[in-house]
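Each value in this text was obtained by applying a stated rule to the coordinates, not by laboratory testing. Everything numeric in this text was worked out from a predicted model, so none of it was measured. Cβ coordinates were reconstructed from backbone atoms using ideal geometry, including for glycine residues, and neighbour counts include every protein chain displayed.
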Amino acid sequence: MEIPEKEFLAPGHRACAGCGATIGVRLALKMLGENTVAISATGCLEVITTPYPETSWEIPWMHVAFENAAAVASGVESALKSLGKTDTTVVVFGGDGGTADIGLQALSGAMERGHNLIYICYDNEAYMNTGIQRSGSTPYGASTTTSPHGKESFGEDRPKKNMPMIMAAHGIPYIATASISYPEDFMKKVKKASEIEGPAYIHLQQPCTTGWGYSPEKTIELGRLAVETGSWILYEIEEGEFKVTYRPLQRRAVKEYLNAQKRFKHLTDLEKERIQSHVDAVCIELKV
Amino acid sequence: MVLKVMSANQAIAEAVKLANPNVIPVYPITPQTTISEHLAKFVADGDMSAEYIRVESEHSAISAALGASGTGVRVFTATSSQGLALMHEIIFAAAGLRAPIVMADANRALSAPLSIWNDQQDSISERDSGWMQIYAENGQEALDSILIAYRVSEDHSVLLPSMVCIDGFILTHTVDPVDVPGKGDVDKFLPPYKPDHAYLDPKRPMSIGTFTDPNYYMEARHDMELALEGAKDVITKANSEFAEIFGRKYDFIEKYRSDDADTIIVAMGSICSTIKDVVDEHRDNGEKVGLVRVRVFRPFPTEEIYDAIKGASNIGVLDKNISFSVGGVLHNEINAKMDVKANGFIVGLGGRDIKPTHINEIIEKTKNTTKTTQWIGLNKEEV
Amino acid sequence: MVSIGAAVKEPGSTRKNKTGSWRTFKPILDKEKCIECENCIMFCPEGCINKDYDIDYDYCKGCGICAEECPVKAIKMERE
Amino acid sequence: MIEVRFHGRGGQGAVTAAEILAKAAFEDGKYCQAFPFFGVERRGAPVMAFTRIDDQPIRRRYQVYKPDYVVVLDDGLLEVVDVFSGLKEGGKVIINTSNGVETTAGAEIHKVDATGIALDILGVPIVNTILLGAFASVTEAVSIDAIIKIIKETFSGEVGEKNAKAARLAYEAAKKG
């Protein structure tokens with residue numbers, strides 16, 4: 001796969017060292033090219049890339065609020081259409097909070113209306129911008145500042161909201177999951193999404209050094225562990241057809257993934273086994 | 001001039017058709033709904049080429065409007081009451097991003113208790129957002145105000161959004177004769193929107209909606225204040241050009257038989273029409289009663305109002321809103337900004353009909369200046 | 001004076017902010033060992049390794065992903 | 001100024017009738033105003049609508065409390081609403097009914113079997129245009145030609161033609177008394 005050299009997210013941004021979000025954005029923009037307009041929800045990405053009077057963005061970019069990125073993008077897409085600029089790609093970057101929680105209604109509306117845009121949820125599994133609070137996308141067992149482990153608690157007690165399947169229920173032409181640790185897979189999906197007419201949704205898992213609790217150089221390794229253990233599965237749904245795009249040769253034990261992160265440190269072996277059997281069930285169902 | 005009988009909602013839709021926005025994201029809500037319906041029909045019939053977005057909420061309506069405006073095109077949306085309240089966050093964002101959006105608000109009471117009927121609490125509650133606000137007295141003025149609002153909002157020295165407020169049902173659903181201007185005249189008055197300050201275009205990438213630290217935020221807000229103050233000159237110029245082309249003259253305020261009046265009523269919106277009838281009756285009886293109608297509420301026309309009322313001994317300000325424990329907002333702003341002692345009256349909340357007897361009662365009560373805000377038309381008082 | 005609407009019209013202008021000063025450890029790439037797999041280029045959060053495998057120390061925050069992901073251990077992290 | 005109050009039930013077309021009357025008066029060269037008092041009620045609930053007609057532009061924006069004329073689209077309303085409320089001395093009331101109606105002192109009552117006409121001509125019991133035909137005849141506040149014209153503008157095609165025919169029929173019938 002030929003990977004375009006040109007970068008559309010400039011350095012000098014204020015992301016943590018080892019940030020996974022900026023890796024995801026860089027890779028996506030490489031595939032989308034310069035004739036692209038990006039919309040961001042409020043969140044880490046927005047704050048770190050646009051400290052006035054500077055911006056990291058080399059393409060047109062807009063941010064309005066936390067919960068409305070998909071609605072803003074609807075307006076942008078419609079305006080571009082009215083100007084006859086249908087060749088310009090509209091891409092949205094929303095975090096898991098801005099996507100699965102507060103922005104779900106606006107996203108659902110935009111998807112259901114069929115706007116020609118790509119929505120990329122960069123999922124770091126909690127509200128990282130405000131200091132690691134639990135989101136609907138926080139996985140079972142994770143300790144966050146609002147789902148802390150304690151005497152009466154093992155952390156988050158609900159499984160992660162299945163956003164890609166909620167998007168699939170909208171009947172949109174393209175849905176995919178991806179990981180920053182599998183860049184070719186991700187970039188192929190971005191390319192596909194850009195070539196499809198109508199809404200496309202990509203759910204990108206993106207490890208967060210600060211929120212997950214690991215040292216910065218391990219960002220890619222953590223994403224890889226998520227996929228190799230079957231904790232995060234790479235697939236796409238194209239025109240309703242489900243296809244796993246990457247199968248680990250041999251699934252590694254989930255505890256390798258859990259033990260590498262501070263947010264799961266408190267879990268007992270029993271709880272880790274419970275997570276393992278949940279992962280097993282999903283993997284058997286999806287034949288991973 | 002060709003008069004046609006139509007509701008103020010239809011008049012607004014006709015104005016929007018003439019202004020020809022590129023994008024119309026809108027969500028239905030009583031009593032605004034027929035604006036959305038008229039516009040949907042215009043688009044369906046090919047009378048307008050706008051992208052009509054059937055958003056899933058008012059929050060997304062204003063968000064999509066802001067996205068489209070940020071892309072550099074003219075946009076329109078409309079709402080009412082709960083819808084405007086739901087937009088609140090993005091109302092402020094639209095002004096802050098200096099997006100010249102024009103929106104119609106069908107004035108309706110805010111819940112709870114739930115009411116679909118008219119008062120002006122909804123738009124008054126957005127007064128600090130940085131939007132310009134015009135309160136129209138009738139359908140004709142509603143139509144004309146939309147055109148003037150685009151002209152002023154899109155002026156490069158202003159770049160702030162405008163809200164054209166019309167009383168729910170009393171105007172939105174009342175039909176009376178309205179002159180719909182010709183497209184040629186409107187094109188003369190309203191040039192196409194050509195943004196320079198902010199627009200999304202891959203040929204000239206810029207970032208809109210950035211994050212400011214304490215070194216910049218205050219200046220950005222101060223610039224908005226300057227722009228809103230400066231909008232006064234732009235409004236004056238637009239009004240005079242509008243009068244030249246269309247023959248209808250508007251100003252920040254309208255003075256009705258108030259020049260020599262001892263007693264002056266100050267009010268906004270459709271109630272002023274009824275007050276004019278009452279003023280005439282008093283004048284017929286030799287009583288020097290007059291009306292000052294505040295048409296542009298933001299930017300607030302302090303000097304204009306003050307000049308119009310300072311000579312009167314009795315002043316009564318009517319508010320279809322209440323800032324609890326403080327009184328009506330227009331009343332308080334007048335008393336705060338001017339060296340006058342005006343009496344405040346709360347009227348017509350939640351669609352309570354305001355009859356001439358109520359206006360007469362207010363005129364009588366202005367004779368005794370009191371600091372207490374008086375509620376007129378409460379059921380305990382038989383009228 | 002802030003630009004109208006606080007829009008930023010200079011794309012990529014965070015380049016003014018040299019994040020290289022954040023570093024504690026510095027990646028040193030041994031081009032002799034390098035097999036040009038592009039891993040480091042792809043995975044750099046700053047996008048500051050170019051096609052010729054030159055690391056732009058003006059911006060490198062020293063996260064160490066490049067060293068970690070180098071399959072032939074051609075990058076070493078050294079104390080600044 | 002002539003002030004008219006319509007009483008109907010949601011779905012019967014009282015609001016449309018008030019608007020058609022206003023537009024017809026405008027067609028006759030008069031100024032006009034029409035507006036509903038909307039409830040959140042649905043089909044079947046009592047509704048009111050108002051029309052004002054004058055030689056001068058109309059400003060007042062409150063409801064009609066002292067009507068010159070009252071139009072009642074459904075005689076069942078007589079039991080639940082005081083349709084005669086505030087009626088001016090010598091005021092006229094046009095009621096859709098096929099029954100007897102108790103007269104109220106000072107009111108001139110005109111009974112029209114609008115439902116009968118509607119079922120005959122339109123095939124549905126929608127009576128608003130028919131009562132406007134009778135209104136033109138009884139009050140002479142508006143011309144039947146203007147009423148017919150606006151009915152045809154309001155309802156396109158065959159529906160408009162049928163409604164116009166029904167209104168004309170009611171007009172002629174009321175003329176005969």
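Reported to two decimal places, what Rg/Rh ratio describes the range B:294-341 when computed on Cα atoms with Rh from the Kirkwood expression?
0.94
Give me the net charge of residue D:166's neighbourhood, meaning all other residues with Cβ under 13 Å from the Cβ of residue D:166; Lys, Arg count +1, Asp, Glu -1.
-1
Which one, B:375, B:278, A:176, is farthest towards the positive end of the dipole of the protein assembly as shown when Lys and Arg carry +1 and Asp and Glu -1 on their Cβ?
Result: A:176.
Find the centroid of the Cα atoms in the range D:60-85 and in the range B:316-383, then give the distance between the two in whole Å.
Their Cα centres are 30 Å away from one another.
What percent antiparallel are the DSSP beta bridges of the range D:2-95, to the nearest 5?
65
Over the range D:2-176, one equal point on each Cα, no solvent: what is log10 I(q)/I(0) by the Debye formula at q = 0.15 Å⁻¹?
-0.76
Just checking the output field for B:136-147: average partner chain Cβ neighbours within 10 Å of each residue's Cβ?
Per-residue shielding by partner chains comes out at 1.
Averaged over peptide D:5-14, how many Cβ atoms belonging to another chain are found within 10 Å of each residue's Cβ?
Rounded to a whole number, the mean comes out at 0.
So for the range B:253-382, considering every pair of alpha-carbon atoms, how many percent are separated by more than 23 Å?
When all Cα pairs of the range B:253-382 are counted, 22 percent exceed 23 Å.
Using modelled backbone amide H atoms (1.01 Å from N, in-plane), which distant-in-sequence or interchain residues come within less than 5 Å of residue B:165's amide H?
So residue B:165 has HN proximity to B:105, B:134, B:135, B:136.
What angle do you read, to the nearest 10 degrees and between 0 and 90, between the alpha-carbon axis of helix A:183-195 and the longest principal axis of chain A?
Tilt relative to chain A: about 40 degrees.
Averaged over all directions, how much area does the convex hull of the C-alpha atoms of the range B:134-261 cover when projected, in nm²?
Approximately 11.9 nm², given one-decimal rounding.
Note the per residue figure in Å³ for the convex hull of the C-alpha positions in the range D:94-136.
58
Using the reciprocal of the averaged 1/r over all distinct C-alpha pairs, how large is the Kirkwood radius of the protein assembly as shown in Å?
31.0
Where does the range B:3-246 land on Rg/Rh, using Cα atoms and the Kirkwood Rh?
Checking Rg against Rh, the ratio lands at 0.95.
Counting DSSP beta bridges in chain B, what percent are antiparallel, to the nearest 5?
25
Name the residue, out of B:231, B:99, B:65, whose mean-square fluctuation peaks in a Gaussian network model built on chain B with Cα pairs under 10 Å.
Looking only at B:231, B:99, B:65, the largest GNM fluctuation is found for B:231.
What Kirkwood Rh does the range A:20-286 have if only Cα atoms enter the pairwise 1/r average? Answer in Å.
It works out to 18.6 Å.
Given 10 °C and 1.306 mPa s, how large is the Stokes-Einstein diffusion coefficient of the range A:244-285 in µm²/s, with Rh as the Kirkwood radius over Cα pairs?
For these conditions, the coefficient is 141 µm²/s.
Take the alpha carbon atoms of the range A:162-240, find their radius of gyration, then divide it by 2.2 N^0.38 Å using N residues; give the quotient.
Here the answer is 1.17, to two decimals.
What Rg and what Dmax come out for the range B:170-210 when only alpha-carbon atoms are used, in angstroms?
Looking at the range B:170-210, its Cα Rg and Dmax stand at 18.6, 48 Å.
Once you place label points 7 Å from the Cα toward the Cβ at residue A:266 and residue A:191, how far apart are they in nm?
Reported label-point gap for residue A:266 and residue A:191 is 4.5 nm.
Nearest 0.05, what FRET efficiency do residue B:188 and residue A:145 give at R0 = 56 Å with Cβ-Cβ as r?
0.40
Compute the helix-to-body angle for A:69-82: its Cα long axis versus the longest principal axis of chain A, expressed 0 to 90° and rounded to tens.
20
Over all directions, the average projected area of the alpha-carbon convex hull for chain C comes to how many nm²?
6.4
Can you give me the C-alpha center-to-center distance between the range B:1-60 and the range D:115-177, rounded to a whole angstrom?
If we compute the Cα centre of each part, the gap is 31 Å.
Only bridges with both residues in the range D:2-176 count here: give the DSSP antiparallel percent, nearest 5.
Bridges in the range D:2-176 that DSSP calls antiparallel: roughly 55 percent.
Compute the separation of the alpha-carbon centres of the range A:198-265 and the range A:72-96 and state it in Å as a whole number.
Using only Cα atoms to place each centre, the spacing works out to 29 Å.
Between residue D:153 and residue D:175, what's the calculated FRET efficiency when r is the beta-carbon distance and R0 is 22 Å? Round to 0.05.
Computed FRET efficiency for residue D:153 and residue D:175: 0.40.
Mind ranking B:205-215, A:272-282, A:148-158 by how tightly packed they are, going by the mean number of other C-beta atoms within 10 angstrom, highest first?
Answer by packing, highest mean first, reads B:205-215, A:272-282, A:148-158.
Taking the simple approach of a point 7 Å from Cα along Cα-to-Cβ for both residue D:98 and residue B:2, what is their distance in nm?
4.4
Computed over the Cα atoms, what is the radius of gyration of the range B:228-271 divided by 2.2 N^0.38 Å, N being its residue count?
1.42
Given a 10 angstrom Cα cut-off, can you work out which residue in A:139, A:173, A:51 is the most mobile in a GNM of chain A?
Looking only at A:139, A:173, A:51, the largest GNM fluctuation is found for A:51.
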